[in-house]
Amino acid sequence: MSSPANRIDACVKRLRSGGLVAFPTETVYGLGAVATDENAVASVFALKGRPARNPLIVHVDGAEMARAYSANWPDAAQRLADAFWPGPLTLVLPRSERVPSIVTGGGETVALRCPDHPLALALIEQLGEGIVGPSANPSGGVSPTCAEHVRDSFSEDQVYVLDGGACVAGIESTVLDLTQSPARVLRPGVIGPEQVAAVLGSPVLGYVPGEGSDIRSPGLLGPHYAPRATTRLFTGQDGLGSLRTRRPGPAVVIARGAFEIGPDAQMLRLPSDARGFGAGLYAALREADGQNPALIAVESPPRSAETADERAIWAAVLERLTRAADAG
Ligand code: TXA
Ligand code: MG
């Protein structure tokens with residue numbers, strides 16, 4: 001593999017000529033295109049099979065660049081950027097004229113985030129402008145947490161993959177709407193409302209499924225994060241037993257704990273801590289799906305956790321799994 005600097009050069013060239021680059025972040029791999037290049041952004045939608053009204057996040061290298069894409073940059077945005085950027089927090093603000101309406105799904109707001117990954121930051125810095133970055137997977141599927149996952153979906157002709165190793169967080173960023181007061185979480189992620197409220201010194205509305213938040217963040221409508229195989233959550237040995245009775249046939253069990261999995265089943269163990277579980281979840285779902293099982297049974301997250309960090313991650317994991325289970 002060529003040096004990081006050469007690979008970044010190649011990516012910048014490709015982006016400047018209207019091409020697409022999959023880039024690593026701390027959450028999942030993004031499908032990058034120059035945010036102001038409408039044709040390139042259109043090809044991102046086309047390649048993903050993404051509905052036109054589902055807006056894209058613009059990835060920036062810091063608060064200064066973010067200001068160019070937002071019509072106003074409130075004090076709250078600056079404080080959150082100071083506290084959490086680079087990092088897995090996406091801020092929704094009024095868009096500036098610089099943002100083409102194809103990026104925002106026709107809406108008047110733009111989502112901005114500064115990813116915490118050296119290659120992503122170097123790429124944006126060298127390009128000198130923002131890149132859109134939906135997760136680099138066909139719409140509705142499981143997000144990629146390593147370069148190989150991206151290559152499973154797209155050819156090198158379609159997308160140049162900047163390999164930056166496995167994503168450390170493994171769950172997409174928290175999307176926070178700053179256009180309303182109090183601020184509201186539109187998509188739960190590893191930074192929870194408690195941490196945001198602590199920085200703002202004011203209350204923050206948590207994510208509530210189906211309570212208006214889904215309409216404001218259209219990506220949360222319909223199936224998402226879904227393996228092809230039927231996916232269900234279970235709690236405890238009895239829960240797993242009755243699930244397997246209801247859905248007979250080959251199964252893959254993804255769990256933190258040890259379980260009697262029964263015949264014709266395979267176990268994928270994940271770490272029991274929130275960070276480890278979140279980091280490994282998508283790779284496990286992909287591996288499970290690859291077996292083409294009649295059932296993917298995933299152990300439910302714990303109902304309570306000691307720290308705000310853990311609570312946020314488990315809430316995000318539960319939201320992704322609930323959505324995967326709703327899909328089929
Ligand atoms: O962690 C992440 O955010 C990853 C990495 C690559 O940065 N990106 C990502 O993008 O997850 P995507 O497109 O898969 O999800 C973006 C989410 C969608 O739910 C979308 O509806 C929402 O953010 N979103 C984007 N722009 C928005 C806006 N202006 N208002 C409300 N929600 C928005
Ligand atoms: Mg996505």
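The values are calculated or read from the model by the stated rules, or taken from the named source; none is laboratory data. Small disclaimer: the values here were computed from a predicted structure and weren't measured. Quick reminder, even Gly has a Cβ in these numbers, built from the backbone with ideal geometry, and neighbours come from all protein chains shown. Quick note on the areas: whole protein, heavy atoms, side chains included, nothing else; ligands and nucleic acids left out. Shrake-Rupley method; radii C 1.70, N 1.55, O 1.52, S 1.80 Å.
Overview of results
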{"item": "Residue check for Leu119: at pLDDT 95 or above, open to solvent by less than 50 Å² (accessible area, probe 1.4 Å), closer than 17 Å to Ser17 by Cα and away from ligand 2 (no atom under 16 Å from the Cβ)", "result": "no"}
{"item": "The range 92-115, subset closer than 21 Å to Trp73 by Cβ and more than 10 Å from ligand 1 (Cβ to nearest atom), residue most open to solvent (accessible area, probe 1.4 Å)", "result": "Glu97"}
{"item": "In the range 172-184, the residues that are assigned to a loop (DSSP other than H, G, I, E, B) and either closer than 15 Å to Glu319 by Cα or not assigned by TED's automatic domain parsing to the domain that holds Leu31 (or both)", "result": "Glu172, Ser173"}
{"item": "The range 142-160: number of residues that are open to solvent by less than 20 Å² (accessible area, probe 1.4 Å) and under 23 Å from Ala35 (Cβ atoms)", "result": "6"}
{"item": "The range 256-282 residues that are free of Cβ contacts under 8 Å to residues at least 24 places away in the same chain, paired with ones that are among the aromatic types (Phe, Trp, Tyr) and outside any strand (DSSP E or B) (beta carbon under 9 Å, 6 or more apart)", "result": "Met267/Phe259; Leu270/Phe277; Pro271/Phe277"}
{"item": "Some residue of the range 71-87 being within 16 Å of ligand 2 (Cβ to nearest atom) and either at pLDDT 95 or above or of a type in the set (A, V, I, L, M) (or both)", "result": "no"}
{"item": "Arg53 being of a type in the set (Lys, Arg) and closer than 20 Å to Leu127 by Cβ", "result": "no"}
{"item": "Breaking point among (1) away from ligand 2 (no atom under 16 Å from the Cβ); (2) touching a residue at least 24 places away in the same chain (Cβ under 8 Å); (3) under 27 Å from Glu148 (Cα atoms), for Ala5", "result": "(2)"}
{"item": "Residue in the range 309-325 that is open to solvent by 20 Å² or more (accessible area, probe 1.4 Å), within 15 Å of Tyr225 (Cα to Cα) and hydroxyl-bearing (Ser, Thr, Tyr) present", "result": "yes"}
{"item": "Candidates Ala251, Ala198, filtered to the one that is open to solvent by less than 20 Å² (accessible area, probe 1.4 Å), modelled with pLDDT of 95 or more, more than 16 Å from ligand 2 (Cβ to nearest atom) and aliphatic (A, V, I, L, M)", "result": "Ala251"}
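Conditions (1) out of contact with any Gly (no Cβ under 8 Å at 6 or more places or on another chain); (2) in a loop (DSSP other than H, G, I, E, B); (3) more than 27 Å from Asp309 (Cβ to Cβ), marked per residue:
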{"residue": "Gly140", "(1), (2), (3)": "no, yes, yes"}
{"residue": "Ala166", "(1), (2), (3)": "yes, yes, no"}
{"residue": "Gly170", "(1), (2), (3)": "no, yes, no"}
{"residue": "Leu186", "(1), (2), (3)": "yes, no, no"}
{"residue": "Pro203", "(1), (2), (3)": "yes, yes, no"}
